[in-house]
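The structure under discussion appears below in the form of structure tokens.
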Amino acid sequence: MTIKLYDYWRSSAAYRVRIALNLKGLDYESIETSLLDRAHKTADYIAKNPQGFIPMLEVGDARLTQSLAIIDWLDITYPEPRFIPIDPTERAKEMAKALTIVADIHPINNLRVLKYLKREMGQEQTEIDDWCRHWIAEGFAALEAMAGDGPYLSGDAPGLVDICLIPQMYNARRFELDVSAFPKLVAIDARCTALEAVKTAAPEAVKPA
């Protein structure tokens with residue numbers, strides 16, 4: 001079964017899916033879909049994905065969108081290693097931590113939101129950068145409090161929330177947030193980014209030449 005990932009090297013959501021695919025040991029074809037070139041807004045792409053977002057996973061006739069939905073599908077279809085617990089209570093806890101990033105931090109720091117703040121709302125870049133740092137720090141403070149004693153946010157092995165943390169930590173540093181206030185998250189991110197599956201999913205590793 002051929003897996004195609006409509007991808008953009010700097011997309012946080014695509015970065016999550018690349019990490020998940022790599023941790024599962026799955027081969028896939030990456031189809032570069034540049035956000036800067038608006039490749040995600042062409043008529044052909046919109047016909048496949050009406051939201052016009054990245055990533056999209058194409059498997060046979062199925063076109064899967066939204067990174068968490070894609071990762072959930074991967075976890076059901078290829079259950080080892082497991083990212084999301086089967087137990088309903090543990091699953092809810094894992095999803096809640098992941099959504100702290102995916103629902104509460106990432107959407108309001110997304111490129112389309114930042115462009116709107118600058119162009120339509122007339123905000124200066126320094127104010128936009130402050131906006132990004134504020135919301136990342138607020139979400140990270142909650143995650144730091146949620147972190148247990150295990151080596152990863154998900155416990156003994158990387159799971160869904162770790163997959164979500166890695167791109168967000170990358171963004172935090174890009175926006176020059178002082179992450180030293182979140183020592184548990186920094187340590188977890190360091191463990192994750194040392195993994196070969198994560199290294200090969202990193203933006204710099206997949207950036208087109």
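Since every read-out is calculated from the coordinates, none of them should be taken as a lab result. Predicted model only: the values in this text are computed from it and were never measured. Here Cβ is always computed from backbone atoms with ideal geometry, including for glycine, and neighbour counts include all displayed protein chains.
Data for the structure
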| read-out | value |
| --- | --- |
| Whole-number percent relative contact order across the chain, with pairs defined as alpha carbons under 8 Å at least 6 apart | 24 |
| J(HN,Hα) series, the stretch 183-190, from Karplus relation 6.51 cos²θ - 1.76 cosθ + 1.60, nearest Hz, glycine and proline x | x, 5, 5, 4, 5, 5, 4, 5 |
| The chain - Kirkwood radius from inverse mean 1/r over Cα pairs (Å) | 17.6 |
| Translational D in µm²/s for the stretch 74-161 (Stokes-Einstein at 4 °C, 1.567 mPa s, Kirkwood Rh from C-alpha pairs) | 87 |
| Karplus-derived 3J(HN,Hα), 6.51/-1.76/1.60, for each residue of the stretch 166-177, Hz, glycine and proline x | 4, x, 6, 5, 4, 5, 4, 6, 5, 8, 6, 7 |
| Lysine-lysine proximity count for the chain, Cα under 26 Å, sequence distance 8 or more or distinct chains | 23 |
| Lys/Arg +1, Asp/Glu -1 at C-beta; the chain dipole; positive extreme among LEU165, ILE70, PRO50 | PRO50 |
| Share, in percent, of DSSP beta bridges within the chain that are antiparallel, nearest 5 | 70 |
| Intensity falloff of the stretch 3-81 expressed as log10 I(q)/I(0), Debye formula with alpha-carbon point scatterers, at q = 0.20 Å⁻¹ | -0.82 |
